[in-house]
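A quick write-up on the structure given underneath.
Only the coordinates and a few stated rules stand behind these numbers; no lab work does. It should be emphasised that the depicted structure is a prediction, and the values quoted were computed from it without experimental measurement. Glycine also receives a Cβ, built like all others from the backbone with ideal geometry; neighbour counts cover every protein chain displayed.
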Amino acid sequence: MISWDEAIELYRHHLTYVLRRSKLTVSAYMSDLDHYRSFQLNHQRELSMIDTGAISEYLDQLQATQTNASVLRHRSVLRGFHAFVCDREPIWDNPTEKLPGIRKIEHLPQTVPLSDVDILLESESGNLELDRPMIDLLYSCGLRVTELVTLQLNQVFLDEGFLRILGKGNKERIVPMADATKSNLRHYLVNVRPLWQTTRTTLVFISKKGRPISRQYVYTMLVQRERQLGLTTHLTPHKLRHSFATALLNGGADLRVVQELLGHSDIKTTQIYTHIEEKRLRNAYDEHHPKGKGE
């Protein structure tokens, strides 16, 4: 019978070399599976002993301490893992097939006010040469933080004014850049980056010591700027991405265009942004129309 360690290692190989998932995705899957294995072994359950009840017990425990989105992610990982194991061990029934559903709770994306974005981009504090072009790309191009820190020189087309982004699932998309964004990025690439480059790295964003910029650097930098500038909005890379999408929709962009620019594989993922606009219109109606407040 296949063991926990053997099954998880085989699944890691499958994700990496067959499905060609990104290193970040594989790492996240392995972390979830390590947690799952530890829980089941603490209950003296080997892999061959796992049934629907054992998985439900694990998910129930997660629901007591983690967010709805996190539990749904764990459930998806377990479904993929057990389907893979059962393909290799045909005598086993897939214990995830009869798992009860978990209702997905939708939360409206939080955005950053344009006034705060202007302050961020116009501020003269901090590591301007590096931080300003990164903030600009997060907001003006809607990049994910991982897409930002892994951006390669051959993905930047300054003269043409666009980026060629390789997103989730290795899905490629073209994202235009505004003139101001091109100017910020050009200044960094021409006047700053060559002074910092110590190796033959092809990464766009590097530190003053020539090292790759981490995701954590971006998160920490935004929090520091939030405090330094006295902003009321808690800044995160994803909030800037949400703001990019919302600004496009508010400006009249077609939902399909926004989907393509964000790199969403499913239009349903993009539709969440329409709820923000619906809420804004509802509030404006309630505030300004004589019948809006039921008068």
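Placing one equal scatterer on every Cα of the stretch 109-175 and applying the Debye formula, the log10 ratio I(q)/I(0) at q = 0.13, 0.20, 0.23, 0.27 Å⁻¹ is -0.42, -0.91, -1.09, -1.25. Loop-located trypsin sites (Lys or Arg not before Pro) in the stretch 56-121 (DSSP state other than H, G, I, E, B) with a sparse environment of at most 14 neighbouring Cβ atoms within 10 Å: Lys98, Arg103, Lys104.
Can you list which of the GluC sites (Glu not before Pro) found in the stretch 1-78 are DSSP loop residues with at most 13 other C-beta atoms within 10 Å? Kindly include the intermediate steps, with their values, before the conclusion.
On the way: sites: Glu6, Glu9, Glu46, Glu57; in loops: Glu46.
When the GluC sites (Glu not before Pro) of the stretch 1-78 are filtered for loop state and at most 13 Cβ neighbours within 10 Å, Glu46 remain.
Within 10 Å, count the other beta carbons around each residue, average over each peptide in 13-25, 253-265, 137-149, and list them highest first.
Numbers: 13-25: 13.7, 253-265: 15.9, 137-149: 22.5.
So the peptides 13-25, 253-265, 137-149, ranked by packing, come out 137-149, 253-265, 13-25.
Please report, ordered by residue number, every helix of the chain (full DSSP H runs) that is 15 Å or longer along its axis going by C-alpha atoms and whose mean Kyte-Doolittle hydropathy reaches 0.0. Before the final figure, lay out each step's value.
Details: long enough: 23-42 (28 Å, -0.46); 52-63 (16 Å, -0.28); 68-88 (31 Å, -0.07); 128-140 (17 Å, 0.22); 215-228 (20 Å, -1.19); 237-250 (20 Å, -0.26); 267-288 (32 Å, -1.35).
Taking the DSSP H segments of the chain (at least 15 Å long, mean hydropathy at least 0.0), we get 128-140.
Rounded to the nearest 500, the 222 nm mean residue ellipticity of the chain from helices alone is -17000 deg cm²/dmol, with -39,500 (n - 2.57) taken per DSSP H run of at least 4 residues. Here's the picture: charge each Lys and Arg Cβ at +1 and each Asp and Glu Cβ at -1 in the chain, and of Thr96, Ile50, Ala7 the one pushed furthest to the positive end of that dipole is Ala7.
Let me check against my output: what whole-number percent is the relative contact order of the stretch 97-205, with C-alpha pairs under 8 Å and at least 6 apart? Write down the numbers at each step before the final one.
Working: 84 pairs, mean separation 27.0, N = 109.
Computed value for the stretch 97-205: 25 percent relative contact order.
Which of Thr16, Asn191, Ser265 sits closest to the plus end of the dipole of the chain, meaning its Cα is farthest towards the positive end, when Lys and Arg get +1 and Asp and Glu get -1 on the C-beta? Working it through, the farthest residue towards the positive pole turns out to be Asn191. Applying Stokes-Einstein at 37 °C and 0.692 mPa s to the Kirkwood radius of the stretch 106-217, computed over alpha-carbon pairs, gives a translational diffusion coefficient of 222 µm² s⁻¹.
With semi-axes defined as the square roots of five times the eigenvalues of the C-alpha gyration tensor, the equivalent ellipsoid of the chain measures 39, 28, 18 Å, largest first. A Gaussian network model of the chain, with springs between Cα atoms under 10 Å, assigns the largest mean-square fluctuation among Leu41, Leu121, Leu248 to Leu41.
Computed over the chain with a Gaussian network model linking Cα atoms closer than 10 Å, the most mobile of Met30, Met221, Met49 is Met49.
Short-range pairs are left out: with C-alpha atoms under 8 Å and at least six residues apart, the relative contact order of the stretch 1-114 is 27 percent.
Distance from the Cα centroid of the stretch 12-57 to that of the stretch 178-206 is 40 Å (rounded to whole angstrom). Neighbour counts of other Cβ atoms within 10 Å put Trp4, Trp196 in the fewest-to-most order Trp196, Trp4.
Once C-alpha pairs closer than 8 Å and six or more residues apart are averaged by separation and normalised to the residue number of the chain, the relative contact order reads 16 percent.
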